[in-house]
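This report refers to the structure that appears directly beneath it.
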Amino acid sequence: MSEKKLKFNSKAIHGGQEPDKAYGAVMPPIYQTSTYAQSTPGGHQGYEYSRSANPTRTALEKSLASIENGNYGLAFASGLAAIDAVIKLLNPGDEVVSTNDLYGGSYRLFKQVFEKFGIRFHFIGMQNVHTIEEYINGNTKLIWTETPTNPMMNVIDIRAISKLAKKYRLLLAVDNTFATPYLQTPLDLGADIVMHSATKYLGGHSDVVVGALVVRDKDLADKLYFLQNASGAVCGPMDSFLVLRGIKTLHVRMQRHCENGKAVAEYLAGNPKIEKVYWPGFENHPNHDIAKSQMSDFGGMISFVPKGSNYDEAIKIVEKLKLFTLAESLGGVESLAGHPASMTHASIPKEEREKSGVVDSLIRLSVGIEDIRDLIADLEQAIG
Ligand SMILES: C=C(NCc1c(COP(=O)(O)O)cnc(C)c1O)C(=O)O
């Protein structure tokens, strides 16, 4: 059967993979080498220097392309390094329309690094796709979005945005970190570029920092491969191996993340001490119908606001959690809790982050795959 015909659960294990040519190793060896012998200048076996290409990273890049239904995968030293490569496709004077609810580090990269080089960013709510068109002009080259967004869990209509991008001949890049291709495949919905912090669900065990891009178009891939080599922000063979191994169980882990996420979201929604819960699986989520149309389930990321809470009260709650670990990051097997205002989104000025709802009392959960009874009990003792 052609690999492209495999279902996701099989692609996660077999996608882009073949036994090692040397000894038939089922898992690709970790080619912990920086360089490769040449019989004569340029006389090599496909690899000459590991920044340019490494066999273990190639295996990961093929797996990434397979699970996102793309043709070309690229792996980087971190998610932000992957985003950096996308923005380096642009030139001074170009403009980007970006979701105003996004990872704090992405906002910082855009505002504090790339604005210096003459790239202009417009941060807007994208829940209603029609507002985007007002910000598109002759200099716009890229629409950047996440869905669900970090941390407000906004859902953005990839198909609708893709139609808009094509109308104005813009690139559409979707950060698919929160959903993963287990839940949604943006290239199938019209996106040009899919990006991941593979640090999260793809690696899945909080033991690696890696970024990923997947595209279908060869010219776009060639530009990104050029930038990957020329800027050099690549991941090493050991990190490539760890993410490749993580992807093999992505489907079973995501199934449990979704089950536990639903149960935690419903527990929080039923707790009288909670004012608001943000989770795309609720029928009263503003874009629940769009979520249902582009996601096969609703994931393990949840944000909530305790009733009558504030900055200090929210910190007290996350400090009291025992099974949920208070830490940056998300998407690992262990449940994590965070306080975006002081942690992941601290780099966004308060007045800016509050425009998208990231208030001082917001708490974000990455619901892991522990026993749900223990997770609920931990939340109960911390929230009361
Ligand atoms: C570390 C966290 N986020 C990283 C992240 C990134 C950056 O990925 P890094 O691998 O951390 O560089 C990009 N996009 C999204 C949606 C992300 O959540 C966090 O939200 O705790």
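Between region 40-66 and region 240-295, the alpha-carbon centres lie 36 Å apart.
Over region 250-383, the reciprocal of the mean inverse Cα-Cα separation, the Kirkwood hydrodynamic radius, stands at 15.0 Å. Could you calculate the FRET efficiency of Asp217 with Lys4 from 1/(1 + (r/R0)^6), where r is the beta carbon distance between them and R0 is 22 Å, rounded to 0.05? Here the calculated transfer efficiency is 0.85.
Using only helices, what value at 222 nm comes out for the chain when you add -39,500 (n - 2.57) per DSSP H run of length 4 or more and divide by the total residues, to the nearest 500 deg cm²/dmol?
That calculation yields -9500 deg cm²/dmol at 222 nm.
Note: relative contact order over region 250-383, using C-alpha pairs below 8 Å and six or more positions apart, is 29 percent.
The HN-Hα couplings worked out from phi for region 54-64 by the Karplus form 6.51 cos²θ - 1.76 cosθ + 1.60 (θ = phi - 60°) are 9, x, 6, 5, 4, 4, 4, 5, 5, 5, 4 Hz, whole numbers, x standing for Gly and Pro. When a 1.4 Å probe is rolled over the protein heavy atoms, the share of accessible surface on region 3-247 that falls to carbon and sulfur comes to 53 percent. Counting heavy atoms of the protein chains alone, Asp157 has an accessible area of about 30 Å² for a 1.4 Å probe. Each label was represented as a point 7 Å from its Cα along the Cα-to-Cβ direction; for Lys167 and Glu259 these points are 4.3 nm apart. For the residues Leu323, Leu244, a 1.4 Å probe over the protein chains yields an accessible-area ranking, largest first, of Leu323, Leu244. Once both labels are positioned 7 Å from their Cα atoms along Cα-to-Cβ, the gap between Glu48 and Val333 label points is 4.2 nm.
Pairs from the table (Lys116/Lys167; Lys21/Lys218; Lys141/Lys276; Lys11/Lys322) lying more than 32 angstrom apart at Cα are Lys141/Lys276; Lys11/Lys322. Working from label points 7 Å from Cα in the Cα-to-Cβ sense, the Ser347 to Ala22 distance is 3.8 nm. Look at the alpha carbon pairs under 8 Å that are at least 6 residues apart: their mean separation over the length of the chain gives a relative contact order of 18 percent. Near Glu146, the amide H atoms lying under 5 Å from its own belong to Thr99, Asp175; only residues 5 or more places off or on other chains count, and H is placed 1.01 Å from N. What separates the Cα centres of region 199-224 and region 118-186 is a distance of 18 Å. Of all aspartates and glutamates in the structure, the ones whose alpha carbon falls short of 13 Å from that of Lys307, not counting any fewer than 8 places away in one chain, are Glu275, Asp360.
Using only the heavy atoms of the protein chains and a 1.4 Å probe, how would Lys11, Lys167 rank by accessible area, largest first?
Lys167, Lys11
Can you tell me how region 163-300 classifies by the Cα gyration tensor, rounded, prolate or oblate, using a/c under 1.5 as the rounded cut? Oblate, since a/c reaches 1.5 and b/c is not below a/b. Computed over protein heavy atoms with a 1.4 Å probe, the carbon and sulfur contribution to the accessible area of region 250-383 reaches 52%. Taking the DSSP beta bridges in region 150-304 as the whole, what percent of them are antiparallel, to the nearest 5? Roughly 70 percent of the beta bridges in region 150-304 run antiparallel, per DSSP.
Going 7 Å from the Cα of Asn310 along its beta-carbon direction, which residues of region 340-364 have the amide nitrogen within less than 19 Å of the resulting point? Within reach of a label on Asn310, which here means backbone N under 19 Å from a point 7 Å along Cα→Cβ, region 340-364 contributes 340-343, 350-351, 354, 358-363. Of the Cα atoms belonging to the chain, the radius of gyration and Dmax stand at 20.7, 73 Å. Using the heavy atoms of the protein chains alone and a 1.4 angstrom probe, what is the accessible area of region 3-247 per residue in square angstrom? Per residue, region 3-247 has 41 Å² of solvent-accessible surface. A 1.4 Å probe over all protein chains sorts Ser303, Ser309, Ser39, Ser34 by accessible area into Ser39, Ser34, Ser309, Ser303, starting with the largest.
Taking all protein chains into account, the per residue accessible area for region 250-383 stands at 42 Å² (1.4 Å probe).
Below 8 Å between Cα atoms, with a sequence gap of 6+, how large is the relative contact order for region 12-88 in percent?
Once divided by the residue count of region 12-88, the mean separation gives 26 percent.
The values are calculated or read from the model by the stated rules, or taken from the named source; none is laboratory data. Just so we're clear, the structure is a prediction, and the values are computed from it rather than from any experiment. A quick note on method: Cβ atoms are made from the backbone with ideal geometry, for glycine too, and the neighbour counts reach across all protein chains shown. These area figures cover heavy atoms from the full protein model, side chains too; ligands, DNA and RNA do not enter into them. Shrake-Rupley method; radii C 1.70, N 1.55, O 1.52, S 1.80 Å.
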